[in-house]
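For reference, the structure is listed below as structure tokens.
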Amino acid sequence: MNDTPTYGFDTLQIHAGARPDPATGARQVPIYQTTAYVFRDAEHAAALFNLQEVGYIYSRLTNPTVAALQERLATLEGGVGAVCCSSGHAAQIMALFPLMGPGTNVVASTRLYGGSITQLSQTIKRFGWSAKFVDFDDPAAVEAAIDDDTRAIFCETIANPGGVITDLDAIAAVANKAGLPLIVDNTTATPYLCRPIEHGATLVVHSMTKYLTGNGTVTGGVVIDSGNFDWSASGKFPSLSEPEPAYHGLKFHETFGPLAFTFHGIAIGLRDLGMTLNPQAAHYTLMGVETLSLRMQRHVENANSVAKWLEGHPHVAGVTYAGLEGSPYKEIESRICPKGAGALFTVQLKGGYDACVKFVDSLQIFSHVANLGDTRSLVIHSASTTHRQLTTEQQEAAGANPDVVRISIGIEDPDDLIRDLDQALNTAHG
Ligand SMILES: *Cc1c(COP(=O)(O)O)cnc(C)c1O
């Protein structure tokens with residue numbers, strides 16, 4: 001099937017990137033569990049290594065099962081290409097890698113996933129990169145943080161875990177004015193709820209570990225390229241615009257045009273950093289993506305019912321779900337995520353830290369895990385777990401105060417979820 005954009009999302013999530021296997025006719029994408037691929041002859045091998053012909057060399061770089069997933073996700077996000085990698089965090093490094101060099105910085109939101117804050121505030125310093133964190137509710141603050149060494153702007157669509165929706169249109173306008181690429185982590189929205197490229201994003205990253213795979217079985221990540229950014233305009237991205245010494249002087253932008261970033265990601269990023277997705281994991285994610293829209297509809301429906309119910313509970317001090325009528329993000333939601341605000345939010349309990357710990361321990365259907373975006377409902381007390389390494393100020397900025405619990409609503413029967421939450425709230429306050 002040709003992946004023409006005239007097909008709807010529900011059709012593309014099943015068919016994009018998948019063709020009957022040319023060798024066997026197998027209808028489902030086979031798991032190509034192979035490390036290497038036989039060259040037709042020496043000339044074919046040379047053409048592949050020169051990137052003059054697209055094909056398979058070695059599975060650290062490319063693999064047919066992974067390629068099917070890359071094409072499917074690029075199609076669903078409205079991009080021109082995608083590079084899958086071994087985790088969401090790998091995808092973040094792979095997104096920044098072609099853009100950054102020693103002494104450069106990324107302007108990032110204070111409300112990122114806890115692990116992303118640690119990665120950007122600490123670990124990337126070892127590469128000579130740095131991050132400046134600002135409040136992305138204030139586009140003027142983002143603009144003010146940009147300097148001559150800034151190479152990218154980084155935020156999440158629905159910020160995890162505080163129920164915050166980023167005004168991607170406003171942030172893209174700032175990025176555009178500064179001539180910088182906007183990288184959006186779309187993990188918690190998925191392309192079903194939001195397509196950041198339509199709001200001006202240059203690159204979209206995902207932890208496929210979450211909703212894309214959907215069953216809590218895989219760690220994986222992906223970077224999707226819009227193909228819209230002019231890497232040669234400013235001279236700030238020499239790895240893409242100038243002769244690249246790591247690939248015998250190839251000029252990626254001149255050679256591959258809108259696919260420059262994708263080719264760079266595979267030919268240099270995966271080749272030298274090696275954060276490759278394995279074909280088995282790609283298979284599980286392909287299976288998950290086939291039902292993405294159905295699951296996301298149910299996730300959102302359940303999250304709306306549960307958040308509304310929780311808001312009225314006597315032991316609850318507050319619920320930060322952007323889908324609630326009183327949310328300050330309601331207007332942004334209608335523009336950025338009109339199909340719903342996702343299924344992740346925090347609940348503030350009147351009993352503080354102790355009530356939160358008791359509440360989490362008393363839940364029966366909800367699993368206490370460091371994960372989100374599963375078919376199962378999940379819960380975590382961020383301040384004592386995922387956000388533990390952060391300072392109190394960073395915890396507060398991320399919406400992970402000690403008296404809040406993060407909830408990831410699954411696709412179970414909503415009445416069962418509400419009953420479970422009710423008994424745990426009453427036990428926590430007993
Ligand atoms: C989980 C997550 C990540 C990290 O992804 P991994 O697959 O765990 O490496 C990044 N961003 C967001 C929003 C996440 O939820």
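The values are calculated or read from the model by the stated rules, or taken from the named source; none is laboratory data. Here the structure is a predicted model, which means the values were calculated and not measured. Here the Cβ is made from the backbone with ideal geometry for all residues, glycine too, and neighbour counts use every protein chain on show. Side chains included, ligands, DNA and RNA excluded: accessible areas come from the protein's heavy atoms. Shrake-Rupley method; radii C 1.70, N 1.55, O 1.52, S 1.80 Å.
Taking region 236-254 and a reference point 7 angstrom along Cα→Cβ of ILE57, the backbone N atoms nearer than 12 Å belong to 247-248.
Counting every Cα pair in region 34-288, what percent are over 27 Å apart?
32 percent
The helix-based estimate of mean residue ellipticity at 222 nm for the chain, built from -39,500 (n - 2.57) per DSSP H run of four or more residues and divided by its residue count, is -10000 deg cm²/dmol to the nearest 500. As a fraction of the 1.4 Å probe accessible area of the chain, surface on carbon and sulfur atoms comes out at 52 percent. Ranking of TYR56, TYR37, TYR353 by solvent-accessible surface, largest first: TYR353, TYR56, TYR37 (1.4 Å probe, protein heavy atoms only, all chains present). Using a Gaussian network model of the chain in which every pair of alpha carbons under 10 angstrom is joined by a spring, one finds that among SER234, SER382, SER86 the greatest mean-square fluctuation is at SER234. The modelled label-to-label distance for the pair ALA47/ASN176, using points 7 Å beyond Cα in the direction of Cβ, is 4.1 nm.
To the nearest 10, the accessible area of SER367 is 40 Å² with a 1.4 Å probe.
With 22 Å as the limit on Cα-Cα distance, the pairs of LYS125/LYS177; LYS210/LYS339; LYS210/LYS308; LYS210/LYS350; LYS308/LYS350; LYS177/LYS210 that go past it are LYS125/LYS177; LYS210/LYS308; LYS210/LYS350; LYS177/LYS210.
For the chain, a Gaussian network of Cα nodes joined below 10 Å ranks ILE57, ILE411, ILE266 by mean-square fluctuation, and the top entry is ILE57.
Using C-alpha pairs under 8 Å with a sequence gap of at least 6, the mean separation divided by the residue count of the chain gives a relative contact order of 17 percent.
Between GLU301 and SER384, residue separation times 0.36 nm minus the direct Cα-Cα distance comes to 27.0 nm.
Taking chymotrypsin sites (Phe, Trp or Tyr not before Pro) across region 313-345, none is in a DSSP loop with at most 16 further Cβ atoms lying within 10 angstrom of its Cβ. If the chain linking ALA23 and THR217 were pulled fully straight, counting 0.36 nm for each residue of separation and taking away their Cα-Cα distance, it would gain 67.0 nm.
Solvent-accessible surface (1.4 Å probe) assigned to ARG298 amounts to roughly 90 Å². Sequence-ordered 3J(HN,Hα) estimates for region 254-269 from the Karplus curve with 6.51, -1.76 and 1.60 and θ = phi - 60° stand at 4, 7, 10, x, x, 8, 4, 5, 5, 5, 4, x, 7, 6, 10, x Hz, glycine and proline given as x. Helix 279-289 and the long axis of the chain differ in direction by around 50°, with both axes built from C-alpha atoms.
If you run the Gaussian network model on the chain, springs between alpha carbon atoms under 10 Å, then out of THR104, THR255, THR391 the most flexible one is THR391. On a per residue basis, the chain carries 39 Å² of accessible surface, using protein heavy atoms and a 1.4 Å probe. The candidates THR123, THR187, arranged from most to least accessible area with a 1.4 Å probe in the full protein assembly, appear as THR123, THR187. Whole-Hz Karplus values for region 387-394 come out as 9, 4, 6, 8, 6, 4, 4, 5 Hz, taken residue by residue from phi with 6.51 cos²θ - 1.76 cosθ + 1.60 and θ = phi - 60°; glycine and proline positions read x.
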